[in-house]
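The values are calculated or read from the model by the stated rules, or taken from the named source; none is laboratory data. Since the model is a prediction, treat every value here as computed from it, not as a measurement. Cβ sites come from the backbone with ideal geometry, for glycine too, and all protein chains shown count toward neighbours. What goes into the accessible areas is simple: the full protein's heavy atoms, side chains included, and nothing from ligands, DNA or RNA. Shrake-Rupley method; radii C 1.70, N 1.55, O 1.52, S 1.80 Å.
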Amino acid sequence: MSDNTTATLIHNGRVITATDDYVADVLLKDGIVHTIGQHLEVGEDVQVVDATGLYVLPGGVDTHVHMENVVGPTMTCDTFASGTKAAAFGGTTTVVDFALQTAEDSPLGAIARAQRSAESQVNIDYGLHVIVTRVDEQVLKDVRYAMHHEGVSSFKMFMAYPGVMMADDAAIFRMLRQVGADGGMLALHAENGTVIDLLIKEALAAGHTSPRYHEMTRPSIMEGEATHRGIRLAELAEAPIYFVHVSSNNALKHIVQARAEGIPVFAETCPHYLLFDKSVYSSDDFEVAKYVMTPPLRTKDDQKHLWRALRYDDLQVIATDHCPFCMKEGHLGYQKQKQMGKDDFSMIPNGAPGIETRLVSLFDIGVMKGKFSLNRFVELTATSPAKLFGLFPKKGTIAVGSDADVVLFNPAVTQTIRAQSLHSNVDYTLLEGRTMQGRVEKVFLRGHLIVDGQAWKGREGLGRFVPRGQVQAF
Ligand code: DUC
Ligand code: ZN
Ligand code: ZN
């Protein structure tokens, strides 16, 4: 389907992809990148945007976000509308969200439900992973069907949260075999759920109820143990595996070793593991609930290892795990969210926001601080996630024929982050008051200008479901 937009010539910007860096004109027409060249001549019907001094980046691809996701008795506070608007302002034009298989329904029911909800309100393009909580013959058939006919080629399973989301090793193994055989990807939340549950019960019994105990009851050794177990299951299944939200060297060291052994193991980390460390958990204050995400923040030494792995491709993706819950009761009419855990840290919904600040924060702490190059920045935030989750080259790069998802990014200005200026429904940002280098100036989705400075030019329902194909990582 072509996009009927005014053609736009982005003039004289510095085009950065995972591999290129050059100054050129880029013509966006019919929803795709139509022509790239020097001094392109265009007619009067083409609008010209002067991008002198700006980076011309592929729209960001965030493959780990949670909009309208049910978590226990609550739900993440971003709708598809608010979350994707926030994503757009942050320079992300494609997200992959989660469709949750409930006890009653199948993966296909979960996909249909999420699409029904997203369709009329989503502001940018999106795909879906299915969270599989129960595996039987019918579920495996539905998984196969989803891959071949629904454009859903990735699935997530949990080794944590017993009795709620946790799948046992045999179920994970069966899914790895099925998904891998058809060229898809199984994503794993790797933590030893039953041991963590025991530690939580012991902490509560000892009267340790404040949010800081979230970190103390989820030790990185248990992330490492589950990561190792997941790798061995993938090795036996001869299937690729993807670890979400890797936070610690205890997990990373198994990933590094497995990759050296030639096992197709892939992994992401998230901006919060690079921006903050466990010192935030040093008080009993309830404000600490802002940092109750899973896995929790780790040590400065863990951070050093994450940076190294990002640089040398042992981590391939930086996704946000945007999983927003309000701190204040009643914000935008939301009932208790983080406040549910006021007297019991284990009741705090796990997650933190970050969808709008991903690019600027990684540009600031990654590129500006010399941790990785501009090309690598694009690779980690757009190209690799697009390849690993079957979206490339439609998404994740600037090339003739790719979707005209383009971000004009100004590297020369600073901005101070404030929750009240961001577009998520959540009432806080972990980056409140922090000044960062770089700013998203304009965002195009399939050639439509949707963000113009502070102005919103997009519209709900403009985003589309993007059917995804096989893993493109080998
Ligand atoms: N895992 C996630 O991926 N997101 C939120 C909470 C969790 O445990
Ligand atoms: Zn998880
Ligand atoms: Zn998540």
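Inspect all residues belonging to segment 321-332 and state whether any of them is free of Cβ contacts under 8 Å to residues at least 24 places away in the same chain and out of contact with any Asp or Glu (no Cβ under 9 Å at 6 or more places or on another chain). Before you say what the answer is, go through the steps one by one.
Start the filter on segment 321-332 by keeping residues that are free of Cβ contacts under 8 Å to residues at least 24 places away in the same chain, which leaves 329-330.
Now narrow it down to the ones that are out of contact with any Asp or Glu (no Cβ under 9 Å at 6 or more places or on another chain): 329-330.
So far as segment 321-332 goes, yes, one or more of its residues are free of Cβ contacts under 8 Å to residues at least 24 places away in the same chain and out of contact with any Asp or Glu (no Cβ under 9 Å at 6 or more places or on another chain).
Which pairs turn up if I take residues in segment 48-73 that are modelled with pLDDT of 95 or more and open to solvent by less than 20 Å² (accessible area, probe 1.4 Å) and look for partners that are more than 16 Å from ligand 1 (Cβ to nearest atom) and assigned to a loop (DSSP other than H, G, I, E, B) with beta carbon separation below 6 Å, at least 6 apart in sequence or on another chain?
From residues that are modelled with pLDDT of 95 or more and open to solvent by less than 20 Å² (accessible area, probe 1.4 Å), the pairs are Pro58/Gly396; Pro58/Thr397; Pro58/Ile398; Gly59/Asp405; Gly60/Gly91; Val61/Lys395; Val61/Gly396.
Can you pull out every residue in segment 182-199 that is away from ligand 2 (no atom under 16 Å from the Cβ), hydrophobic (A, V, I, L, M, F, W, C) and in contact with a helix residue (DSSP H, G or I) (Cβ under 9 Å, 6 or more places away or on another chain)?
Hits for segment 182-199 are Val195, Leu199.
Can Met185 be described as under 19 Å from Phe158 (Cβ atoms) and touching a Ser or Thr at 6+ places or on another chain (Cβ under 7 Å)? Steps first, please.
Numbers: under 19 Å from Phe158 (Cβ atoms): yes; touching a Ser or Thr at 6+ places or on another chain (Cβ under 7 Å): yes.
So Met185 passes the test.
Among the residues of segment 257-303, write down those that are closer than 16 Å to Asp313 by Cα, among the acidic types (Asp, Glu) and open to solvent by 60 Å² or more (accessible area, probe 1.4 Å).
Once the filter is applied, which keeps residues that are closer than 16 Å to Asp313 by Cα, among the acidic types (Asp, Glu) and open to solvent by 60 Å² or more (accessible area, probe 1.4 Å), segment 257-303 yields only Glu261.
Determine whether segment 8-30 contains at least one residue that is in a loop (DSSP other than H, G, I, E, B), in contact with a Gly (Cβ under 6 Å, 6 or more places away or on another chain) and either open to solvent by less than 80 Å² (accessible area, probe 1.4 Å) or in contact (Cβ under 8 Å) with a residue 40 or more places away in the chain (or both).
Start the filter on segment 8-30 by keeping residues that are in a loop (DSSP other than H, G, I, E, B), which leaves 17-20, 30.
Now narrow it down to the ones that are in contact with a Gly (Cβ under 6 Å, 6 or more places away or on another chain): none.
Checked against the condition, which is being in a loop (DSSP other than H, G, I, E, B), in contact with a Gly (Cβ under 6 Å, 6 or more places away or on another chain) and either open to solvent by less than 80 Å² (accessible area, probe 1.4 Å) or in contact (Cβ under 8 Å) with a residue 40 or more places away in the chain (or both), segment 8-30 yields no hits at all.
For segment 153-206, which positions are away from ligand 1 (no atom under 16 Å from the Cβ), without any contact (Cβ under 8 Å) to a residue 60 or more places away in the chain, over 17 Å from Ile348 (Cβ atoms) and surrounded by fewer than 18 Cβ atoms within 10 Å (Cβ to Cβ)?
Selection gives Asp168, Ala170, Ala171, Ala181, Leu198, Glu202, Ala205, Ala206.
Among the residues of segment 31-77 satisfying the criterion of being assigned to a loop (DSSP other than H, G, I, E, B) and within 16 Å of ligand 2 (Cβ to nearest atom), which is farthest from the chain's Cα centre (by Cα)? Spell out how you get there, then give the answer.
Within segment 31-77, the first condition is being assigned to a loop (DSSP other than H, G, I, E, B), and the residues that meet it are 31, 38-46, 51-54, 59, 63-64, 66-69, 72-73, 76-77.
The next check asks that each one be within 16 Å of ligand 2 (Cβ to nearest atom); those that pass are 63-64, 66-67, 69, 72, 76.
Details: Thr63: 4, His64: 3, His66: 9, Met67: 11, Asn69: 14, Gly72: 21, Thr76: 15 Å.
Residue satisfying both the conditions and the ranking: Gly72.
Restricting attention to segment 220-245, and to residues there that are within 15 Å of ligand 2 (Cβ to nearest atom) and of a type in the set (A, V, I, L, M), which single residue is surrounded by the most Cβ atoms within 10 Å (Cβ to Cβ)? It would help to see each step written out before you state the result.
Of the residues in segment 220-245, the ones within 15 Å of ligand 2 (Cβ to nearest atom) are 220, 222-223, 226-227, 230, 241-245.
If we keep only those that are of a type in the set (A, V, I, L, M) as well, we get 222, 226, 241, 244.
Details: Met222: 24, Ala226: 25, Ile241: 27, Val244: 21.
So the residue we want is Ile241.
Collect the residues in segment 142-166 that are within 14 Å of ligand 2 (Cβ to nearest atom) and among the hydrophobic types (A, V, I, L, M, F, W, C), keeping them in residue-number order.
The answer is Phe155, Met157, Phe158, Met159, Ala160, Val164, Met165, Met166.
Name the one entry in Ala99, Ala81 that is part of a helix (DSSP H, G or I) and either without any contact (Cβ under 8 Å) to a residue 60 or more places away in the chain or surrounded by fewer than 24 Cβ atoms within 10 Å (Cβ to Cβ) (or both).
Values: Ala99 fails: part of a helix (DSSP H, G or I).
On inspection, the qualifying residue turns out to be Ala81.
So for segment 246-255 (the condition being in contact (Cβ under 8 Å) with a residue 24 or more places away in the chain, hydroxyl-bearing (Ser, Thr, Tyr), buried (at least 21 other Cβ atoms within 10 Å of the Cβ) and more than 23 Å from Arg177 (Cβ to Cβ)), does at least one residue qualify?
Applying the first criterion (in contact (Cβ under 8 Å) with a residue 24 or more places away in the chain) to segment 246-255 yields 246-255.
With hydroxyl-bearing (Ser, Thr, Tyr) added as a condition, the list becomes 247-248.
Filter once more, so that each one left must be buried (at least 21 other Cβ atoms within 10 Å of the Cβ): 247-248.
Retained after the next criterion (residues that are more than 23 Å from Arg177 (Cβ to Cβ)): 247-248.
Yes - at least one qualifying residue is present in segment 246-255.
With respect to Leu28, is the statement that it is more than 16 Å from ligand 1 (Cβ to nearest atom) and under 27 Å from Ser384 (Cα atoms) true? First the steps, then the outcome.
Details: more than 16 Å from ligand 1 (Cβ to nearest atom): yes; under 27 Å from Ser384 (Cα atoms): yes.
For Leu28, the condition - more than 16 Å from ligand 1 (Cβ to nearest atom) and under 27 Å from Ser384 (Cα atoms) - is met.
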